[in-house]
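Reviewing the structure listed below.
The values are calculated or read from the model by the stated rules, or taken from the named source; none is laboratory data. Just so it is clear, the structure is predicted and the values come from calculations on it, not from any experiment. Neighbour counts are summed over all protein chains in view; Cβ atoms, including those assigned to glycine, are modelled from backbone coordinates with ideal geometry.
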Amino acid sequence: MISEMNDKRHLKGVKATLNYRRGYCYLIEPPPTLDYAVLISTDIKKSFDKWQNDYKKAIASACSVDLNDLHIRQNIRIRPEGNTRVVDWPLVIYENELKSFNTRLCVGVCTGSTSTKTWARASLPVNIDGTVTPITTDCLEDRYKFYKDIASHSLDWLNPKIPYIVNKHLNDSIVQCGRRIDIVVIGVNDEDLAEPFIDLSEHSLTISDILANNDLDNKLSFYYRNICGIDVTLSDYVDKNNPVTESSLLFNLYLSVTTSSGYMEQRTVLFLLREKEEYTEIVGLAYDDSVEMDIPLRAGPILVKTIGHWF
């Protein structure tokens, strides 16, 4: 089986989905209290009406698409998450056979020692029935670069506005844009990937258990190299004697999905976090046999909430 896995042609035509996110951490000194977090988030929400056309222009420029082909869906909203106030901007949707996408901006105004964050997400669009139409693995690299450009340009447009809004309410605050976080989650509907992920999800095995099996280590590492574009041997990241573990973390998250067989089952997403000099990179990989093919889309918000207090 491994001889087949080492042949990249095995992946041709395999269905996949992806979700890309980029975020920036803001140091606000002194940090906002909850009352100020409410004021700042409310101000960001109110500003959307006067900003939305310029925001669409920034996306259209980044994507080289006609402004009139971008459509705004849903309403802007504020979500309380503990002492954090999260401002979710409406979805911006572009529907085209070659490069459809959904994109959304988000600002999490945090209190205490947790940094305030801006996020931009770009992903495959969700159909009316809640499913995501997959692409094939040979299209992943181009789509990844495209979504990365959307998120990058969106935040280049939004980020300069954050200090201005914060200082309207906290006059003497120091507002500094700091660490960048890049997240990509990829779901692959390939039965050859099923074994290690089902072992993680349903058989209560740990990541170390999985990677202690050379065949499974080779298989997962193959997918990270050829699907995620990262040249790694995953077992290095659980070996405490290997220096790569000092600036990295291998972890997983669980989701309940309805599989194509019609049963509700547990699936897992395996994440590799690596600290680079200028940013933090988090790459997630999943075996996605769900009816909706939406594991990457669903895993993104869970991951962001999980790592929120890490930065």
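So here's what we get for this one:
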read-out: Yes/no for Pro196 being within 15 Å of Tyr24 (Cβ to Cβ) and either assigned by TED's automatic domain parsing to the domain that holds Leu273 or surrounded by fewer than 16 Cβ atoms within 10 Å (Cβ to Cβ) (or both); value: no
read-out: Strands (runs of 3 or more DSSP E) enclosed by region 221-311 - at least 2 residues per element that are under 23 Å from Asp138 (Cα atoms); value: 264-275, 279-287
read-out: Meets criteria (of a type in the set (Phe, Trp, Tyr) and modelled with pLDDT of 90 or more) for Phe271; value: yes
read-out: Hits in region 22-77 (condition: touching a residue at least 12 places away in the same chain (Cβ under 8 Å) and small (Gly, Ala, Ser)); value: Gly23, Ala37, Ser41, Ser47, Ala58, Ser61, Ala62
read-out: Candidates Ile186, Ile162, Ile128, Ile210 - the one that is modelled with pLDDT under 85 and buried (at least 17 other Cβ atoms within 10 Å of the Cβ); value: Ile210
read-out: Exclusive hit being surrounded by 15 or more Cβ atoms within 10 Å (Cβ to Cβ), in the same structural domain as Glu141 (by TED's automatic domain parsing) and part of a strand (DSSP E or B), set Tyr26, Tyr36; value: Tyr26
read-out: Test: residue in region 48-71 that is over 30 Å from Thr137 (Cβ atoms) and among the hydroxyl-bearing types (Ser, Thr, Tyr); value: yes
read-out: Options Leu303, Leu285, Leu272; residue that is touching a Phe, Trp or Tyr at 6+ places or on another chain (Cβ under 8 Å), in contact (Cβ under 8 Å) with a residue 24 or more places away in the chain and within 18 Å of Ile135 (Cα to Cα); value: Leu285
read-out: Which listed residue is in contact with a helix residue (DSSP H, G or I) (Cβ under 9 Å, 6 or more places away or on another chain), assigned by TED's automatic domain parsing to the domain that holds Trp51 and of a type in the set (D, E, K, R), from Asp129, Asp142, Asp172, Asp138; value: Asp138
read-out: Flag if Glu81 is touching a residue at least 24 places away in the same chain (Cβ under 8 Å), loosely packed, with under 12 Cβ neighbours inside 10 Å and in the same structural domain as Asn171 (by TED's automatic domain parsing); value: yes
read-out: Residue in region 52-60 that is surrounded by 12 or more Cβ atoms within 10 Å (Cβ to Cβ) and farther than 26 Å from Val166 by Cα present; value: yes
read-out: Subset of region 91-125 that is in a loop (DSSP other than H, G, I, E, B) and closer than 17 Å to Gly187 by Cα - its residue that is modelled with the lowest pLDDT; value: Pro125
